[in-house]
1. Need one number for chain A: average projected area of the convex hull over its C-alpha atoms, nm².
2. Using 0.36 nm per residue of separation minus the Cα-Cα distance, give me the extension gain between B:ASP156 and B:ASN409 in nm, one decimal.
3. Can you compute the label reach from B:LYS95? Point 7 Å from Cα along the Cβ direction, backbone N cut-off under 20 Å, restricted to the range B:167-211.
4. Considering every residue in A:51-61, what mean count of other chain Cβ atoms within 10 Å of its Cβ is obtained?
5. Can you tell me the length gained on complete extension of the stretch B:VAL417 to B:ALA512, counting 0.36 nm per residue apart and subtracting the Cα distance?
6. Which ordering of B:MET124, B:MET263 is given by a fewest-first count of other beta-carbon atoms within 10 Å?
7. Between B:ALA120 and A:ASP47, what's the calculated FRET efficiency when r is the beta-carbon distance and R0 is 30 Å? Round to 0.05.
8. Classify the range B:18-85 as rounded, prolate or oblate, taking a ≥ b ≥ c as the square roots of the eigenvalues of its Cα gyration tensor: rounded when a/c is under 1.5, otherwise prolate if a/b is larger than b/c and oblate if not.
Amino acid sequence: MLEPKLQKIADLLQGIRPEFDFSNGANFIATGMLDSFDMITLVDTLDKTYGISIDGEDIVPEHFGGLSAIAALLGRYGVRP
Amino acid sequence: MLLDFDLDMQINALEYFEQGALPKHRHKVAVIEPAARYTFGEIDAFARNCAAAILAHDVPLNAPIAVLLPKSAATIVADLGIVYCGNAYANLDLKSPPERLKAILNNLGAALIITAAEHAPLLMRLGVQAERLLMIETAMTERPAYDEARLRARRDRVIDTDPLCIIHTSGSTGTPKGVALNHRSTIDFMDWVLQRFEFDGSEIVGSLSPFYFDIYTLELYLCLAKGATLVIIPEQLAAFPVKLLEFLEAESVSFIFWVPTVMVNIANQQLLPKFSLRALRRVFFAGEVFPTKALNEWRRRLPQAQFVNLYGPIEISVDCTYFILDREMADDEKLPIGFACRNTDILILNDRDQAAEGAEHGELCVRGSSIALGYWNDPQRTARAFVQNPLNPHYPEWIYRTGDIVYRNERGEIMIVGRKDFQIKHMGYRIELGEIEHAALRIPGIENVCAVYQAEKKIITLYFESGRELSDAQLREQLAAFLPKYMLPTRFHRLGQLPRNPNGKIDRNLLATRDA
């Protein structure tokens, strides 16, 4: 079982790439689970869901490799998913 | 000596290589991949091995051969091997949904498909027989395995109006179209671009576009003709602008030909001041409108670089108009697509099919050697887009109708106004909204749909009517069976009923201005 805040992010990711399991700890970028098209959808989804605007300098693989990394990034924008 | 003029007019695109990089830069690096690099000599030997392997399969001259490989030197080897053998290459997208790939393969009727062992199972699942597959690994070995005389004899039967390649693009009825381009059209464009911009072979090309796009044509033949080096940028970097700029610096990239989307992101995110990009001398872009404000940011940050806007649908070899950014432009001034390339005529036809006068709006139509042969195995759609020049009643002459509405400004530069139909450009990809709608209607429970595009936000929204709740995940999963990744809607929105205009048609304009 994931913590609720991570589960919420996993659900958002599932909406983008339904065929993958985002809770198994794999690196989303290194494994190709998220490609450049998904990244655009993901950033749009996060911006829209949480009413934020993720900065270009923050769009780096390190911030999108896993659920905790994404949660930490959102935290820096004052979001508690 | 009776003849003191040169009769050797170029008739085959391979001559760029045979008279260019091959004799002059045999030992220079031609292609850099993330984990390997190949010289022009190696590429040539591999390509001839590949040609010999094709010959063993008894493929008819000029028949198309599909290539299903990741973006890599292997694709270049396969393509050149195919041309050495007197055939036409069709590079396909490995990430296409199987249904779409199958439709493309069926339409192509490719006698042979060049792939790699790891992708063979995908093709077998589509029902392709093992004997129609050729594994590229067998060609990528130093050992020469070809009979030069046999290859030469076969290639000598190819004339310049024969097909060189087939490039696929979205079709509004749901089936992609295969645009067939010949040697002549490619030579027509390449001769112009090489001379006009004085490429000298010192270029390091930062290649970001897929090889199943027409930007590849320029990148490939530039390297083959002049000995420039092509650096394959890893696909996953496209999503991360900072990494992309780091890569350009690390590889000293001096020439890029990109679609604007990624460059606009880089400019808007104020990333350019952090990188010097000193080596970058020339920037070509095409495929969609580059907002002038973002372009101005690039020009300010890279004063040493030349910027060129190119325009041309796939139905013209690479591009048919160009505009060199040689004057200051205000942030709110629209960027022209400029002037016709050499040996290309642009007609602007109004709705009475007469030449537009002054700044009158009309459809951009293209005349010249650079236009495609038509859509492969598709006479109906060919007949609709490639038509008799209405200004010429004297003899058969084809023009290509682009569907783009344009006018000439007071400087004589061509300006884009919009589209005649529902075709969009999304991240450089040409998409028929009809193809997305067609796919969505195949999902059980969906009764009515409308796909709209918001260009500034780069968002495709699918509005749909359905009696039941459908999650984004369910919709994406089902659409992914028919549509390539770049066509999948960014947002989904279920409506009780799609809005109608007074004559009962779905009100697209209303949906396009609505914020989903």
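Bear in mind these aren't lab numbers, they're just calculated from the coordinates by the rules spelled out. None of the values given here were measured: they were computed from a predicted structure. In this analysis, Cβ positions are derived from the backbone assuming ideal geometry, glycine residues included, and neighbour counts consider all displayed protein chains.
1. Values: hull surface 19.2 nm².
Average projection, Cα convex hull of chain A: 4.8 nm².
2. Values: separation 253, 0.36 × 253 = 91.08 nm, distance 4.66 nm.
That pair, B:ASP156 and B:ASN409, stretches by 86.4 nm at full extension.
3. Correct set: B:167-171, B:176-177, B:206-211.
4. Values: counts 0, 0, 0, 1, 2, 10, 6, 2, 8, 5, 6.
Mean inter-chain Cβ contacts per residue within 10 Å come to 4.
5. Working: separation 95, 0.36 × 95 = 34.20 nm, distance 1.73 nm.
Taking B:VAL417 through B:ALA512 to full extension adds about 32.5 nm, to one decimal.
6. Working: B:MET124 12, B:MET263 23.
With the sparsest Cβ surroundings first, the list reads B:MET124, B:MET263.
7. Numbers: r = 41 Å, r/R0 = 1.37.
For R0 = 30 Å, the calculated efficiency reads 0.15.
8. On the way: a/c = 2.55, a/b = 1.47, b/c = 1.74.
Here the range B:18-85 falls in the oblate category.
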